[in-house]
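First the structure, in the form of structure tokens, and then the observations on it.
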Amino acid sequence: MELSFPRYLLAKQSVDDRALNRVVLADLQNALATWPIGQALRVVEVGAGIGTMLARLLRWGVLPPQVEYILVDEMQENIDFARNWLAEWGKQNGFDAQTGEDGLRFSAPGANIQIRFCQADVFDFMRAEAGFGYDLLVAHAFLDLMPMPESLLSLFGLLKPDGLAWLTVNFDGVTSLEPVLNPALDALIERLYHQSMDLRPSGGDSQSGRHLFGHIEQAGGEIVSAGASDWVVYPAKGQYPAEEAYFLHFILHFFENSLEEHPQLDAGQFANWLAGRREQIRQGKLVYIAHQMDFLARKKQPV
Ligand SMILES: C[S@@+](CC[C@H](N)C(=O)[O-])C[C@H]1O[C@@H](n2cnc3c(N)ncnc32)[C@H](O)[C@@H]1O
């Protein structure tokens with residue numbers, strides 16, 4: 001199977017659509033409902049991938065009519081994909097999508113969405129843009145990859161006082177794959193997989209969700225709301241919806257990448273375990289649950 005990260009992010013959309021916490025989302029919508037007409041909401045999304053969250057926010061009518069939205073991601077492949085994919089998405093969803101030198105503009109009667117793309121390491125971006133005073137920070141399926149709490153402190157530096165941070169799909173320590181293949185091996189692989197997140201040299205935390213309560217406080221934010229946003233992927237009558245079989249294969253690819261040659265795993269046993277899990281996907285039997293958490297926070301005014 002061809003493994004493409006942008007295709008994984010496309011396949012992830014329907015899983016994320018179900019997962020995003022609706023209470024936290026409603027609080028974001030309520031907060032943005034009073035945004036002044038005619039004033040552009042300035043949004044920065046970090047680790048934005050191929051732009052599916054912007055498409056979702058437009059699809060769900062969360063954003064006000066005037067928006068300046070910048071997508072930051074370190075992977076050139078994602079940024080290139082985002083430019084083309086978002087332009088196409090806009091055209092198919094009622095916008096006049098114009099590509100310009102500085103990005104993309106979506107227009108529709110009464111609406112103007114100015115989109116910029118920035119291929120950069122988020123730390124370079126934060127250094128360059130600290131104090132810019134964005135109105136809204138979006139970080140989706142991203143913060144659990146970052147060194148904490150220092151990254152969040154710098155990310156809050158991008159916001160104006162009172163600015164909002166919508167921090168979604170932060171992994172929180174539970175992975176479940178059913179049906180069980182081998183209880184002892186399943187448990188060992190889950191434990192080592194979580195440990196690999198904690199040991200990543202670039203940062204990461206397998207219990208990022210629960211730790212964000214403290215990290216948001218430390219970064220100078222107050223929590224408006226929080227709730228679970230678990231991925232729950234399951235077949236209906238032996239079939240996965242949308243591209244979710246591909247999504248599941250990619251999750252197993254993450255397991256393989258993180259744990260191949262792990263000294264505590266027998267290589268042959270692990271290979272058989274992966275083959276067994278892949279067969280469960282082909283047969284439409286695998287159920288995958290990952291516990292995650294969403295937050296809406298507000299940057300406190302300086303005292
Ligand atoms: C799990 S993906 C999520 C992408 C997107 N938010 C989504 O859910 O579709 C994490 C993204 O963060 C980006 N990323 C990881 N570390 C980064 C860094 N230091 N600076 C900028 N982007 C980074 C990756 O390239 C990847 O696109």
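FYI, it's all coordinate maths here, none of it is from the lab. Remember, it's a predicted structure, so these values are computed and weren't measured experimentally. Heads up, the Cβs are rebuilt from the backbone with ideal geometry, glycines too, and the neighbour counts pull from every protein chain shown.
Does a label point 7 Å from the Cα of R127, set along Cα-to-beta-carbon, have any residues of the stretch 157-192 with amide nitrogen under 20 Å, and which are they? Label zone hits: 157-159.
Given R0 = 35 Å, the distance between the Cβ atoms of D198 and A111 translates into a calculated FRET efficiency of 0.20. Considering only Q283, V174, Q195, and ranking their Cα positions along the charge dipole of the stretch 5-299 that arises from unit charges at the beta-carbon of Lys, Arg, Asp and Glu, the one farthest toward the positive end is Q283.
Relative to the Cα centre, the charge distribution of the stretch 139-229, modelled as +1 at Lys and Arg Cβ and -1 at Asp and Glu Cβ, gives a dipole magnitude of about 140 debye. Taking the Cα centre of the chain as origin and assigning +1 to Lys and Arg Cβ atoms and -1 to Asp and Glu Cβ atoms, the resulting dipole is close to 780 debye.
Modelled spin labels at Q76 and A228, positioned 7 Å past Cα toward Cβ, are 4.3 nm from each other. Working value for the stretch 5-299: equivalent-ellipsoid semi-axes of 34, 22, 17 Å, each the square root of 5 times a Cα gyration tensor eigenvalue, largest first.
Between the residues W231, L259, G220, the greatest Cα displacement towards the positive end of the dipole of the stretch 219-264, with unit charges on the Cβ of Lys, Arg, Asp and Glu, is found for W231.
Near H211: Cβ cut-off under 9 Å, other residues only, Lys/Arg at +1 and Asp/Glu at -1. The net charge is -1. Within the stretch 262-303, the ratio Rg/Rh, alpha carbon atoms throughout and Rh by Kirkwood, equals 1.41.
Computed over every Cα-Cα pair of the stretch 225-270 and binned at 10 Å starting from 0, the pair-distance distribution P(r) comes out as 22, 32, 31, 15, 1 percent. Packing, taken as the mean count of other beta carbons within 10 Å per residue, orders the peptides 49-55, 4-10, 266-272 from highest to lowest as 49-55, 4-10, 266-272.
What residues from the stretch 212-253 fall in the zone where the backbone N is under 16 Å from a label point 7 Å along the Cα-to-C-beta line of Q92? Hits in the stretch 212-253 for Q92 at 16 Å: 242-244.
With the cut-off at 18 Å, tell me which of the pairs K12/K237; K160/K300; K237/K285 have Cα atoms farther apart than that. Correct reply: K12/K237. Between A33 and S176, the contour length at 0.36 nm per residue exceeds the Cα-Cα span by 47.7 nm. Summing charges over neighbours of N170, with a neighbour being any other residue whose Cβ is under 11 Å away from its Cβ, gives -3 when K and R count +1 and D and E count -1.
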